[in-house]
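So the structure is just underneath, and the comments pick up after that.
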Amino acid sequence: MKISNPEDWTDQKTMDLRIRPFASKTRYGNGMKSIRTMQAALVATFVFLGVLSSAAQLPTSAPATSSTNQSPSLNSAQTPSLDTFNGSGAVDKLVPGVVQLSLLDAMDRGLKHNLGLLLSHQQSELARAQYHRQLSALLPNISGSGSESLNQINLAAFGIPLPAGLTSPVVGPFAIFDVHASMNETLLDFNAMNKVRAASENEKTAKLTIQDARELVVLVVGNEYLLTLASGARLDTAKAQLTTAQTIFQQTQDLKKAGVAAGIDVLRSQVQMQTQQQRVLAAQNQYEQQKMVLTRTIGMPVSQQFQLTDTVPYAPLTAMNFDEALARAFKQRPEYLAAESRLRAAELGVKAAKGEALPTVELNGQAGFLGSAPGSAEAIYNISAGVRIPIFQGGKVKADVGQAEVLVRQNRLQLENLRSRVEFEIRSALLDVKTSDDQVAVAKQQIDLAAEQLRESQDRYKAGVSGSLEVVQSQEAVASANDSYIQALYQNNVAKLTLVRALGEAEQRTRAFLGGK
């Protein structure tokens, strides 16, 4: 074995010591190259960020990143409450003198001024606005903007090393001028499409609600006009009875002076006369009150003086086939048609909710001018299209579908209830018309019999056969017979109005059902 000389070991160690400094320098040189490479990369990053900064001045569009529409919920139009049809949303100016008011004039005024009908028109305007709002989600949305800015930035604040050739990290000031127009359009969105269809059905519902409100106005105004006629008839009857009571009182006084009648007869006839005076005062008050109620319904000033020109009409109802009448009501009654339209809108709401889970397609674009100044700006544009596919929305779609299905079930139940109510109202109105026809006939006979009874009792009293009590009882019988006739006549006409309302033909057939007046 060859053993090395210790001196050689010394030389070897010395040589190693010389080599190590050289290796350290080599590693240092390699490190400097890495630093320069990193600096070059940072400079390139800075340039890239500068390009992005300039490009950021032009609004770019994300490819079809549509968000959920936070649009207000669709409200289905409902017929206003019956209380609103007793008022007026507009009032005519006071006219000097006495206005001659027919039943047809009163209905025309009601159709123009009645509060319930005016509110229904406002609901229709609201439904139309909701439809156009939902439609806007499927139409192009175009907007424009312009800006001009002066910028100066500090690169060191962003951690960007100072590039070669720059002595300060502060860059600027430099100007950016930008003016552009942006366009966004949804090409395919099942949620929005079904919302538009539902809004269209709601608008149709609102129009049908207006027709139903017109039917109610005819019913309410006709009822108030007939009530006013009835109040006037009661007042005339009370005045006539007062005249009769005064005549009997005068006759009783003459008979007492002649020694034929007793003092109790005079007193009894005087009490009856005062009773009739009280009835006249009460009837006068009721008549004036009812006239004011009528003016409130038709939009006439409460202080307006007017006179009713129509009398209480009466004509027997022609025969009507119930099955044909019911089928006609289901076909043309606005309230029932509106309920059907409301159900269709709710069903489209379910489809719209399910459409939230389906893909949507959008088209986006921008075009404008970008530069450091208006004179140096260059034309730029950007067009993009994309598809948005919902993956997970936290159960929102399921909840919306469930809510929409509840509305469908509610509207279906209401439709079935209305279907049964239409049949009930037609049957009930037919029964009321038939009963009131019979009551009118009986009341006419009762008036004739009561008048004959009064004449005979007066003759008996003059002849001294009976006392004044029999005359007073006959007067009460006449009053009762007249009141029964007035009430039966009113109920007969209201029953006819209710029947045409149940058929959905109130506005068209009111004249015929009121005896051709």
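The values are calculated or read from the model by the stated rules, or taken from the named source; none is laboratory data. Quantities reported herein were computed from a predicted structural model and do not represent experimental measurements. Note that we place each Cβ from the backbone using ideal geometry, even for glycine, and neighbour counts take in every protein chain shown.
Which one of these does Glu416 not meet: (1) within 32 Å of the chain's Cα centre (by Cα); (2) more than 30 Å from Asn184 (Cβ to Cβ); (3) in contact (Cβ under 8 Å) with a residue 24 or more places away in the chain?
(3)
Would it be correct to say that Thr228 is more than 23 Å from the chain's Cα centre (by Cα), among the hydroxyl-bearing types (Ser, Thr, Tyr) and not in a helix (DSSP H, G or I)? Talk me through it step by step, then tell me what you get.
Details: more than 23 Å from the chain's Cα centre (by Cα): yes; among the hydroxyl-bearing types (Ser, Thr, Tyr): yes; not in a helix (DSSP H, G or I): no.
No, not satisfied.
Could you list all residues from region 478-513 that are modelled with pLDDT under 85 and touching a helix residue (DSSP H, G or I) at 6+ places or on another chain (Cβ under 6 Å)?
Arg509, Thr510, Phe513, listed by residue number.
Pairs needed: first member in region 296-315, at positive phi; second member anywhere, of a type outside the set (Lys, Arg) and part of a helix (DSSP H, G or I); C-beta distance under 7 Å; at least 6 residues apart or different chains.
Close Cβ pairs satisfying both conditions: Gly299/His113.
Which residue pairs have Cβ atoms closer than 6 Å, lie 6 or more positions apart in sequence or on different chains, and pair a first residue in region 107-118 that is under 13 Å from Thr295 (Cα atoms) with a second residue that is of a type in the set (A, V, I, L, M) and surrounded by fewer than 20 Cβ atoms within 10 Å (Cβ to Cβ)?
Pairs found: His113/Ala90.
State which residue is modelled with the highest pLDDT when the search covers only region 317-366 and only residues that are farther than 25 Å from Asn191 by Cβ and hydroxyl-bearing (Ser, Thr, Tyr).
Tyr336
In region 82-108, which residue that is crowded, with 16+ Cβ neighbours inside 10 Å and within 19 Å of Asn493 (Cβ to Cβ) is farthest from the chain's Cα centre (by Cα)?
Leu101
Going by the conditions given, is Ala175 modelled with pLDDT of 90 or more, surrounded by 13 or more Cβ atoms within 10 Å (Cβ to Cβ) and either over 15 Å from Gly371 (Cα atoms) or touching a Lys or Arg at 6+ places or on another chain (Cβ under 6 Å) (or both)? Can you show your working first?
Numbers: modelled with pLDDT of 90 or more: yes; surrounded by 13 or more Cβ atoms within 10 Å (Cβ to Cβ): yes; either over 15 Å from Gly371 (Cα atoms) or touching a Lys or Arg at 6+ places or on another chain (Cβ under 6 Å) (or both): no.
It is false that Ala175 is modelled with pLDDT of 90 or more, surrounded by 13 or more Cβ atoms within 10 Å (Cβ to Cβ) and either over 15 Å from Gly371 (Cα atoms) or touching a Lys or Arg at 6+ places or on another chain (Cβ under 6 Å) (or both).
Would you be able to say whether some residue in region 381-396 is over 30 Å from Pro313 (Cα atoms) and part of a helix (DSSP H, G or I)? Step through it out loud before you land on a result.
So the first thing to find is which residues in region 381-396 are over 30 Å from Pro313 (Cα atoms), and the list is 381-396.
From what's left, part of a helix (DSSP H, G or I): 396.
Yes - at least one qualifying residue is present in region 381-396.
Quick check: anything in region 184-198 β-branched (Val, Ile, Thr) and either loosely packed, with under 15 Cβ neighbours inside 10 Å or in a strand (DSSP E or B) (or both)? Step through it out loud before you land on a result.
Taking region 184-198 and keeping what is β-branched (Val, Ile, Thr), we get 186, 196.
In the following step, the residues that additionally are either loosely packed, with under 15 Cβ neighbours inside 10 Å or in a strand (DSSP E or B) (or both) were identified as 186.
The answer is yes, given that some residue of region 184-198 is β-branched (Val, Ile, Thr) and either loosely packed, with under 15 Cβ neighbours inside 10 Å or in a strand (DSSP E or B) (or both).
Since Phe177 meets every condition but one in (1) outside any strand (DSSP E or B); (2) over 40 Å from the mean Cα position of the chain (by Cα), which condition does it not meet?
Among (1) outside any strand (DSSP E or B); (2) over 40 Å from the mean Cα position of the chain (by Cα), the lone unmet condition for Phe177 is (1).
Quick one: how many residues across region 113-136 are assigned to a helix (DSSP H, G or I), over 19 Å from Gly349 (Cα atoms) and either touching a strand residue (DSSP E or B) at 6+ places or on another chain (Cβ under 9 Å) or of a type in the set (Lys, Arg) (or both)?
Number satisfying all stated conditions: 3.
Out of the residues in region 437-455 meeting the condition of being aliphatic (A, V, I, L, M) and touching a residue at least 40 places away in the same chain (Cβ under 8 Å), tell me which one is nearest to Val478 (Cα to Cα).
If we filter region 437-455 for residues that are aliphatic (A, V, I, L, M), which is where we start, we get 440-443, 447, 449-451, 454.
Of the ones still in play, those that are also touching a residue at least 40 places away in the same chain (Cβ under 8 Å) are 440, 442-443, 454.
Values: Val440: 15, Val442: 14, Ala443: 11, Leu454: 7 Å.
The extreme case among them is Leu454.
Per-residue answers, yes or no, for (1) surrounded by 14 or more Cβ atoms within 10 Å (Cβ to Cβ); (2) within 30 Å of Ala346 (Cα to Cα); (3) of a type outside the set (A, V, I, L, M); (4) modelled with pLDDT of 90 or more:
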| residue | (1), (2), (3), (4) |
| --- | --- |
| Ile426 | yes, yes, no, yes |
| Leu430 | yes, no, no, yes |
| Lys434 | yes, no, yes, yes |
| Lys444 | yes, no, yes, yes |
| Leu454 | yes, no, no, no |
| Gly464 | no, no, yes, no |
| Glu476 | yes, no, yes, no |
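Tally the residues that are in a helix (DSSP H, G or I) and either surrounded by 19 or more Cβ atoms within 10 Å (Cβ to Cβ) or basic (Lys, Arg) (or both), restricting the search to region 291-314. Full working, then the answer.
Quick first cut of region 291-314, residues in a helix (DSSP H, G or I) only: 291-298.
Okay, now just the ones that are also either surrounded by 19 or more Cβ atoms within 10 Å (Cβ to Cβ) or basic (Lys, Arg) (or both), so 291, 294-298.
Selection size over region 291-314: 6.
Keeping to region 241-257, report how many residues are out of contact with any Ser or Thr (no Cβ under 9 Å at 6 or more places or on another chain) and β-branched (Val, Ile, Thr).
So the count comes out to 3.
Filter region 199-258 down to the residues that are modelled with pLDDT of 90 or more and among the basic types (Lys, Arg) and list them by number.
Hits for region 199-258 are Lys204, Lys207, Arg214, Arg234, Lys239.
Kindly provide the set of residues from region 255-265 that are closer than 19 Å to Leu454 by Cα and either surrounded by fewer than 15 Cβ atoms within 10 Å (Cβ to Cβ) or in contact with a helix residue (DSSP H, G or I) (Cβ under 6 Å, 6 or more places away or on another chain) (or both), ordered by number. Break it down into steps so the answer makes sense when it comes.
To start, the set of residues in region 255-265 that are closer than 19 Å to Leu454 by Cα comprises 255, 261, 265.
Within region 255-265, Ala261, Asp265 meet the criteria.
Scan region 261-301 for residues that are aliphatic (A, V, I, L, M), within 48 Å of the chain's Cα centre (by Cα) and closer than 17 Å to Thr247 by Cβ and report the count. Spell out how you get there, then give the answer.
Going through region 261-301, the residues aliphatic (A, V, I, L, M) turn out to be 261-262, 264, 266-267, 271, 273, 280-283, 292-294, 298, 300.
Of the ones still in play, those that are also within 48 Å of the chain's Cα centre (by Cα) are 280-283, 292-294, 298, 300.
When the remaining residues are screened for being closer than 17 Å to Thr247 by Cβ, the result is 280.
Residues flagged as aliphatic (A, V, I, L, M), within 48 Å of the chain's Cα centre (by Cα) and closer than 17 Å to Thr247 by Cβ within region 261-301 amount to 1.
Identify the residue in region 388-412 that is surrounded by 13 or more Cβ atoms within 10 Å (Cβ to Cβ) and of a type in the set (A, V, I, L, M) and, among all such residues, is farthest from Ala175 (Cα to Cα).
The extreme case among them is Val408.
For region 444-460, indicate whether the set of residues that are touching an Asp or Glu at 6+ places or on another chain (Cβ under 7 Å) and in a helix (DSSP H, G or I) is non-empty.
Step one: of region 444-460, the residues touching an Asp or Glu at 6+ places or on another chain (Cβ under 7 Å) are 457, 460.
Now restrict to residues that are in a helix (DSSP H, G or I): 457, 460.
Within region 444-460 (the criterion being touching an Asp or Glu at 6+ places or on another chain (Cβ under 7 Å) and in a helix (DSSP H, G or I)), the answer is yes, since at least one residue qualifies.
Looking only at region 154-205, how many residues end up being touching a residue at least 24 places away in the same chain (Cβ under 8 Å) and small (Gly, Ala, Ser)?
Final tally of qualifying residues: 8.
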